[in-house]
Every structure is written in structure tokens, then in C-alpha cells.
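These notes concern the structure reproduced below.
The values are calculated or read from the model by the stated rules, or taken from the named source; none is laboratory data. Model, not experiment: these values are computed from the prediction. We place every Cβ from the backbone using ideal geometry, glycine too, and count neighbours over all the protein chains shown. SASA here: full protein model, heavy atoms, side chains in, ligands and nucleic acids out. Shrake-Rupley method; radii C 1.70, N 1.55, O 1.52, S 1.80 Å.
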Amino acid sequence: MTERDKSSPKVVIVSGGAHGIGEASALAFAREGYRVAVADIDRAAGEKLAAGRRSPTGDIAFIQADVSRSSEARDVVQKTVAAFGGVDILFNNVGIQPPDSYRTAEHLDEAVWDRIMDVNAKSCFLLCKYAIPEMLKRGAGVIINNASVQALQSQRLVPAYAASKGAVLSLTRNLALDYADKNIRVVAICPGSVDTPMLRATAALESPQNPDEALTQWGLKHPIGRIGRAEEIAEVVLFLASEKASFITGEYVCVDGGLMAKGAWA
Ligand code: NAD
């Protein structure tokens, strides 16, 4: 076992880190002095993010990858180890909810189901499969999976997304048990609505004339009265990755402005 030199910065992989919650988290990790590997399918956005952030306290390296593919997920881990010497934290953030997925099950294309399951759930398994051996070499690690409040409660017309997020939560519990005695913690976050390109795309779909109004209305459904900011999710991810959360594993944290506290009668 080659433990990390305690004085060297920790290394984190963020999947889907070029936009939205992943981008905010990558920037937050870099601000705190982590070495950050951003794995994303969007080369232009990833390279822009990496170019803007090189400093003595935090580096961001961009690795273009479709993390739902085994060879590319393995490549992400190998390139991270080559660049930064190991892996301490894995933030399985990537997720998609494409416009053609808003269907009842009978009308949902099988290929769309497969794609959502592959990107949202299988990518977590694949990145864990390749990153965990690196964490075992370090003698420690933290895996944070981005689920959703939709893993806990559902809404109409999201069969694949809901199923994929339920899978992410179940995988979180399993991994936590399998690796607790190896000093690897595994936790999930369940965000409510967060202002990102993904949410804005959904708003444009639902309300093409006035997407901002849709965002405002969704915000009002949250007890806090607004949707979240990606930076607010990133701060929770930072906490969960840190030693401050050393007794939390196998658990999820709702970052949802009170949404899951609210009963249907309320
Ligand atoms: P986003 O669409 O804004 O960003 C997702 C990123 O993933 C993009 O940079 C995109 O290029 C990248 N990506 C997509 N497919 C990829 C692939 N196959 N391989 C590598 N990269 C890929 O999304 P977001 O809103 O920031 O969502 C991030 C995570 O948070 C997702 O798992 C999502 O389900 C979850 N989430 C979001 C919200 C919300 O309201 N925004 C709420 C709950 C949960």
C-alpha cells in the first residue's frame, strides 16, 4: 500500500464537471487546494474550465470522456493517476435528462432508457470499479454520488431518470458496506431543483415562451421559496469529501431547500 504523503494535495475526479453542479464543485475543490480531474464529454467547456484554473493551490485537468463507456472511464482514472499520482475522492456527478425522456413507460424509447441508465447509473459503477483500486492503494477514499430528490419521491413522466437515481442510492448503500472496513466512505446527495444548464433546458421545454417564469414557479414549490444555486450544492460536496464528515457513510443528504420535508397535504 502506498499511502498519500499527508502534505500533498488530495486528488478528486469530478464526472460531468464542465457545467452545472460539476463545474461549481470542481471550482470549489480547486479553491480548497485539491487537484481536480474533470471528466466530461464536452471538450470545449472542459478545456476552458481547465485553462482558467491553474494556481499553486489548485489545479484542474480536463479529460474528455464519455464516462458511461468502460474503456473511457478506465482512461479517466489512468490519466488522473498519471497527472496527479493517485485518486482520493470520486464525485460521480454526471447525469442526463434528455427532452425525449419525458414519456410514460409505454412511449419511452428503449434506447433512451438505456442511455439514461448508462450515463446516470452505470457510469457510477464504472468509475468506482477503476477508482477504488487506487483508493485502496492510498488506504482511504471518499465516493460521493449525485442522486436527486427524484430518487426518494417521484413525479410523472420520468421513468428512466427516476429509476436511474434510485439505482444510484442503492449502489451508494452497497458500496458503503463493502468498503467501510477499507476506510472508503460512500455517500450520496439528493439535490432539489438547481439552476444549471440541465434545469434550464427542462424549463425551456416546459415553458418555451418564458423559461425564467418556470424556474420561479419551481422555486416556489421549495419551502425556501427558490431553486438552488450550483455553488450551494458544491459546498455540501466539499464537506462530505472532507475529514469533517468522517463518520458519515452509506447515507444521503438532501440539499433541496426543504422539499423532501414537505408532505403532499402541506
Ligand atoms: P448539467 O447538464 O448542467 O451538467 C452535466 C454535465 O455532464 C455536462 O457538463 C455534460 O457535458 C456532462 N455529460 C453529459 N453526459 C456525459 C457523459 N456521458 N460523459 C461525461 N460527461 C457527460 O447537469 P446538472 O444539472 O449540473 O446535473 C448534475 C447532476 O446533478 C446530475 O446527475 C443530475 O441528475 C443531478 N441533479 C440535478 C438537479 C438540477 O436541478 N439541476 C437536481 C437533482 C439532481
Inset, instruction - Put one equal scatterer on each alpha carbon of the stretch 1-134, apply the Debye formula with no solvent term, and list log10 I(q)/I(0) at q = 0.12, 0.17 1/Å to two decimals. - result: -0.46, -0.84
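Given R₀ = 51 Å, what would the calculated FRET efficiency be for E243 paired with H107, taking r from the Cβ atoms and rounding to 0.05?
Details: r = 48 Å, r/R0 = 0.94.
Result of the calculation: an efficiency of 0.60.
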Legend entry - Portion, in percent, of the accessible area of the stretch 12-158 that falls on carbon or sulfur, probe 1.4 Å: 50 percent
Inset, instruction - Would you give the gap between the C-alpha center of the stretch 218-233 and the C-alpha center of the stretch 61-136, rounded to a whole Å? - result: 26 Å
Inset, instruction - With unit charges on the beta carbon (Lys/Arg positive, Asp/Glu negative), name the residue among I144, Y130, N174 whose Cα is farthest towards the positive pole of the charge dipole of the stretch 118-181. - result: I144
Inset, instruction - At 0.36 nm per residue, minus the direct Cα-Cα distance, what do M260 and K48 gain on full extension? Give it in nm, one decimal, please. - result: 72.7 nm
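Using unit Cβ charges (K, R positive; D, E negative) and no other charged atoms, how large, in debye to the nearest 20, is the dipole of the stretch 169-266 about its Cα centre? Working shown, then result.
On the way: 9 positive and 12 negative charges, 36 e Å.
Around 180 debye, computed over the stretch 169-266.
So what is the calculated 222 nm ellipticity per residue for the chain, using -39500 (n - 2.57) for each DSSP H run with n of 4 or more, over all residues, to the nearest 500 deg cm²/dmol?
Numbers: 9 runs with 113 residues, N = 266.
The per-residue figure over the chain is -13500 deg cm²/dmol.
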Inset, instruction - Distance from a point 7 Å along Cα→Cβ of E251 to each backbone N in the stretch 124-138: keep the residues under 16 Å and list them by number. - result: none
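What's the Cα-based Rg to Rh of the stretch 140-264, Rh via Kirkwood? Walk me through the intermediate numbers first.
On the way: Rg = 15.7 Å, Rh = 15.5 Å.
Rg divided by Rh gives 1.02.
Placing unit charges on C-beta atoms (Lys and Arg positive, Asp and Glu negative, everything else neutral), compute the dipole magnitude of the stretch 72-179 about its Cα centre in debye, rounded to 20.
Details: 11 positive and 11 negative charges, 68 e Å.
The calculation lands at about 320 debye.
Calculate how many DSSP beta bridges within the chain are antiparallel, expressed in % of all such bridges and rounded to the nearest 5. Please list the in-between numbers first.
Details: 1 of 31 bridges.
Counting DSSP beta bridges with both partners in the chain, the antiparallel share is about 5 percent.
What is the sum of charges, Lys and Arg at +1 and Asp and Glu at -1, for the other residues whose Cβ falls under 13 Å from the Cβ of A162? Working shown, then result.
Details: positive: R103, R156, K165; negative: none.
In short, +3.
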Inset, instruction - Give me the accessible area per residue for the chain, probe 1.4 Å, as a whole number in Å². - result: 48 Å²
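Provide, as a two-decimal number, the C-alpha radius of gyration of the chain over 2.2 N^0.38 Å, N being how many residues it has.
On the way: Rg = 17.9 Å, N = 266, 2.2 N^0.38 = 18.4 Å.
My calculation over the Cα atoms of the chain gives 0.98.
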Inset, instruction - Would you mind putting 174-183, 67-76 in packing order, based on average other-beta-carbon counts within 10 Å, highest first? - result: 67-76, 174-183
Legend entry - Net dipole in debye of the chain [+1 Lys, Arg Cβ; -1 Asp, Glu Cβ; about Cα centre; nearest 20]: 540 debye
Inset, instruction - Please list the non-local residues whose amide H lies under 5 Å from the amide H of V186, H modeled 1.01 Å from N, same-chain partners needing a gap of 5 or more. - result: I143, G250
